Every structure is written in structure tokens, then in C-alpha cells.
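Report on one structure; see the data block that follows.
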Amino acid sequence: HMKQVETESVQSFLNCRDDHSIKDFDKFHFSPRSVPYKHMPCYVLKMFGELGFINTWRIKTTTLARFILFVKKGYRDAPYHNWVHAFSVAHFAYLLMVNLNLIKNDYITSLQGLAFLVSCLCHDIDHRGTNNSFQTKCGTVLASLYSSEGSVMERHHLAQSMCILNTDGCNIFESLSSEEYSEVLDLLRNNILSTDLTSHFRMAEQQREMISAGFKKNDPTHRKLLLAMFMTCCDLSDQTKDWRVTKKTAEQIYDEFFSQGDLEKSMGTAPAEMMDRERASIPDLQVQFITNLVLPLFKNLADLFPAAQPLVDTIINNKNVWKHARHLFQEYSQNGTKSMEILL
Ligand SMILES: COc1ccc(Cl)c(-c2nnc3c(C)nc4ccc(C(=O)NCC(C)C)cc4n23)c1
Ligand SMILES: [Mg+2]
Ligand SMILES: [Zn+2]
């Protein structure tokens, strides 16, 4: 078995070098979900290399390769919260660093960039396709471990990430000095915990103040707010791609949400509307989500980085498609067609 794993792992790191079918990998419009599944680990390695992290932080390639495969194995095959989501989130972190020159223009340090990319890769590890309120409501093991501090799932994703770093031959931070090591773990913690959407709302106010007051590069609080903002941008980056991607993402998310709703009904509790396949109107929910969360967030990003303005334009386009789909959906759902097929 180990032999088979070894050859498979070696295989998944050889073939992306000669994969000339991929163009525009470092452009905002590129969809990471179009990368062949078996090439994804290799493209993660490529991102670490292109950002200079392998040399700067003296990361052994075999250690990084093993770390990537353990992270990939740490994800379950949930409809949305799976390895492909993790890969796409990490890819957007790469796009931000490359296209906004975050490290060159010292918005973030190289160490913060390394922690940022690793955090995105690990941010949803071992997700079960159910959200924080499900954990507490149904008294899961994870709730018994973490519900007193909140952000139950995010604390679990962090714990799983630490386990992988402590696994033989997987510690990609082994060449760091002790102060760099403790800083990178601190960054990992802040970044992964900041992907809890409810804590994003708390920070959104401070982020707006930071942007209107003007970002100060050497203000540690500004740095922390900026990294938290980047993490949520990456987590929601499917919204910045063309309609096909956002539609497919919505299908996966509501597949996961409605399964949780079914589970809650079978346990005798009433699910939230967005989790209830009998009540939810996906176009309405998506217009709300984009209006209340996605647009303000990426407008903040574009305020700081004008190069990110095209992302806002794409999000507005997608929102208009959902608005157009709204009455289409009502019309069709009258005669029972609830499915997303009707959307172009
Ligand atoms: C950043 O962390 C997460 C965690 C989990 C998910 Cl699924 C998402 C996420 N990523 N894309 C989406 C899209 C397209 N629609 C969504 C609609 C609702 C919600 C949701 O959780 N609403 C309740 C909350 C506001 C208290 C999340 C949605 N979402 C992001
Ligand atoms: Mg998450
Ligand atoms: Zn996520």
C-alpha cells in the first residue's frame, strides 16, 4: 500500500511541468477549478516556488510535497468544502500576492505571505459539510471541544493543520528560527480563525475605518485586519469568476446546505431558511449574500488596490444574472422545477 501511495505521490508532482494546456494561471480571470484534479498538488508546489517561499524559507521539496498530500488527504469529499475548494482558495491568495505585488510593495512580509498561502490551503481541513450552528445545535464532538470559544469548525481546521505540521517529514517550517516559527503559527491561527464568517462581520467595521483612514503599513493592527480581509476574499473568490463558476459553486453550496437541513429535520429541529430546500430561493439568497457581504468586501479591496476593480465589476455582473434569474426561478418553481438547470 505504502509503495502505491509513494508512486501516486511522486506521479502527482511530475506532470504539471509539462502541462502546457494551462494559460493565464496567474491572471484574476483564471478559474483554478479548471486545473485537472490530479495536477492540483503540483500546481500548489509551483505557487510556493513562484512566490519564492521555497528558497527564502529553505523548504525541502520532499517535505513540501508530503505536506501538500497530507493536507489534500485531510479534506473530505463534501459537495463544496473539499480539496478543490482549498486549492481554489490558495490559488486566489497566489493571485493577490502576484497581481497586487503584496510582498514587493511590503503590504505583507514574505513570512506573512507564506503563512497566508498555507492558511488558505488548510483553512477548511476535515470539514464535514455542516456549519458552526449545526455543531452546537446537535452537540457534536467538535462542539464539546470548542463551542465555549466559538468558531467551532475553524478551531478544528486549525488543530488538524497543526497535527499535519507535527507529522514526521511534513513540517515545512522546520528551517525557520524559533521566533519566525512562533510568528508563523500565530499567523496561521489568526488567518484560519478569521475565515469564520460571523467574526468577519465584527471586523468589517474596523476594516472600513482602516481603509477610509488610510492603510498604515507599519501598524500591526492594520496588518492583521488586512490579512483577515484577504482570507475572506480568498474564501469567497469563486464570486470573482465568470457566471459558470459562480453557478456551479452555488449548486455545491446549496447541495451541502440542503443536506444539513434534511439532517436537522430528521433530528426534529427546524433548519434555517437557507438550509431548507422547501423554503430557500437560491437567487434571492445569492443576491442578498453578494449585496451584504461579497460586494462590500471586494469594494474595500479595490479601494486599497485599484488593480482589483475588475473583480468588483465581475461580481456586479454575476449579481445581475442572479437578479434576472430571480423571476425566472419564480416562474419555473410554480410548476415544480426547483432545479438550477433552468439558469443559463
Ligand atoms: C467565509 O466563510 C464561509 C463559510 C461557509 C460558506 Cl458556505 C461560505 C460561502 N462561500 N460562498 C458562499 C456563497 C456563494 N453563498 C453563501 C451563502 C450563505 C453563507 C452563510 O454561511 N451564511 C450565514 C452567515 C452569513 C452567518 C455562505 C455562503 N458562501 C463562506
Ligand atoms: Mg470555513
Ligand atoms: Zn472555505
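Would you mind ranking Met275, Met203 so that the residue whose beta carbon has the fewest other beta carbons within 10 Å leads the list?
Met203, Met275
Students often check this: by mean Cβ neighbours within 10 Å, which of 108-118, 44-54 ranks highest, and how do the rest follow?
On the way: 108-118: 22.4, 44-54: 19.5.
Per-residue Cβ counts within 10 Å, averaged per peptide and sorted highest first, yield 108-118, 44-54.
What order do you get for Ser194, Ser12, Ser259, Ser182 when you list them from fewest to most C-beta neighbours inside 10 Å?
Ascending Cβ contact count within 10 Å gives the list Ser182, Ser259, Ser12, Ser194.
Quick check for me: using +1 on Lys/Arg Cβ and -1 on Asp/Glu Cβ, what's the dipole size of the range 244-328 about its Cα centre, in debye to the nearest 20?
For the range 244-328, the charge dipole is close to 340 debye.
Using each residue's phi in the range 137-152, evaluate 6.51 cos²θ - 1.76 cosθ + 1.60 at θ = phi - 60° and report the 3J(HN,Hα) Karplus result to the nearest Hz, with x for Gly and Pro.
Taking θ as phi minus 60°, the curve returns 4, 9, x, 6, 4, 4, 5, 5, 6, 10, 5, 5, 8, x, 6, 3 Hz for the range 137-152.
Please report Leu96, Leu285 as a ranked list, fewest other C-beta atoms within 10 angstrom at the top and most at the bottom.
Neighbour counts put them in this order, fewest first: Leu285, Leu96.
Using Cα centres only, tell me the gap between the range 241-262 and the range 154-188 in whole Å.
31
Report the extension gain between Thr167 and Arg128 in nm, rounded to one decimal, defined as 0.36 nm multiplied by the number of residues separating them, less their alpha carbon distance.
Stretched fully, the Thr167-Arg128 segment lengthens by 11.8 nm.
Can you give me the C-alpha center-to-center distance between the range 57-117 and the range 298-316, rounded to a whole angstrom?
If we compute the Cα centre of each part, the gap is 22 Å.
State, as an integer percentage, the relative contact order of the range 1-153 based on alpha-carbon contacts under 8 Å between residues 6 or more apart.
With pairs under 8 Å counted, the relative contact order is 22 percent.
Tell me which of Leu285, Met275, Leu158 sits at the most positive position along the dipole axis of the chain, charges placed on C-beta atoms (Lys, Arg +1; Asp, Glu -1).
Leu285
Would you compute, for the Cα atoms of the chain, the largest minus smallest coordinate along each principal axis and list the three values in descending order, in whole Å?
The principal-axis extents, from largest down, are 61, 53, 48 Å.
Using the C-alpha atoms of the range 121-246, what convex hull volume per residue, in cubic angstrom, is computed? Please list the in-between numbers first.
Values: hull volume 20.3 nm³, N = 126.
So the per-residue Cα hull volume is 161 Å³.
Multiply the residue separation of Tyr181 and Glu273 by 0.36 nm, subtract the distance between their alpha-carbon atoms, and state the gained length in nm to one decimal. Intermediate values should be presented prior to the final figure.
Working: separation 92, 0.36 × 92 = 33.12 nm, distance 4.35 nm.
Between Tyr181 and Glu273, full extension yields an extra 28.8 nm.
For every helix of n ≥ 4 consecutive DSSP H residues, a contribution of -39,500 (n - 2.57) applies; sum these over the chain, divide by its total residues, and give [θ] at 222 nm rounded to the nearest 500 deg cm²/dmol.
On the way: 16 runs with 215 residues, N = 344.
It lands at -20000 deg cm²/dmol.
With label points built 7 Å along Cα→Cβ from the Cα atoms of Ser34 and Leu328, find their separation and express it in nm.
Label-label distance for Ser34 and Leu328, simple model: 2.1 nm.
Any idea what diffusion coefficient the range 243-283 gets from Stokes-Einstein, in µm²/s, Kirkwood Rh on alpha carbon pairs, 20 °C, 1.002 mPa s?
205
About the Cα centre of the chain, what is the dipole size in debye to 20, counting +1 per Lys and Arg Cβ and -1 per Asp and Glu Cβ, all else neutral?
380
Just need the Rg to Rh number for the range 193-304, please, alpha carbons only, Kirkwood Rh.
Here Rg/Rh amounts to 1.06.
For the range 22-125, take the alpha-carbon Rg, divide it by the Kirkwood Rh, and send me Rg/Rh.
0.94
Under unit Cβ charges (Lys, Arg +1; Asp, Glu -1), what dipole magnitude, rounded to 20 debye, does the range 148-206 have relative to its Cα centre?
For the range 148-206, the charge dipole is close to 240 debye.
So what are the range 5-81's ellipsoid semi-axes, whole angstrom, largest first, if each one is the square root of 5 times an eigenvalue of the alpha-carbon gyration tensor?
Taking √(5λ) for each Cα gyration eigenvalue gives 19, 18, 13 Å.
What list of ³J(HN,Hα) values in whole Hz, one per residue of the range 277-285 in order, does the Karplus curve 6.51 cos²θ - 1.76 cosθ + 1.60 (θ = phi - 60°) give from phi, with Gly and Pro shown as x?
5, 7, 10, 5, 10, 4, x, 4, 4
Mind jotting down a quarter of the surface of the convex hull over the alpha carbons of the range 80-174, in square nanometres, one decimal?
7.4
Pairs of Cα atoms under 8 Å, at least six residues apart: use those to get the relative contact order of the chain, whole percent.
For the chain, the relative contact order is 16 percent.
Only the coordinates and a few stated rules stand behind these numbers; no lab work does. In this text, all values refer to a predicted model and were calculated from it rather than measured experimentally. Glycine also receives a Cβ, built like all others from the backbone with ideal geometry; neighbour counts cover every protein chain displayed.
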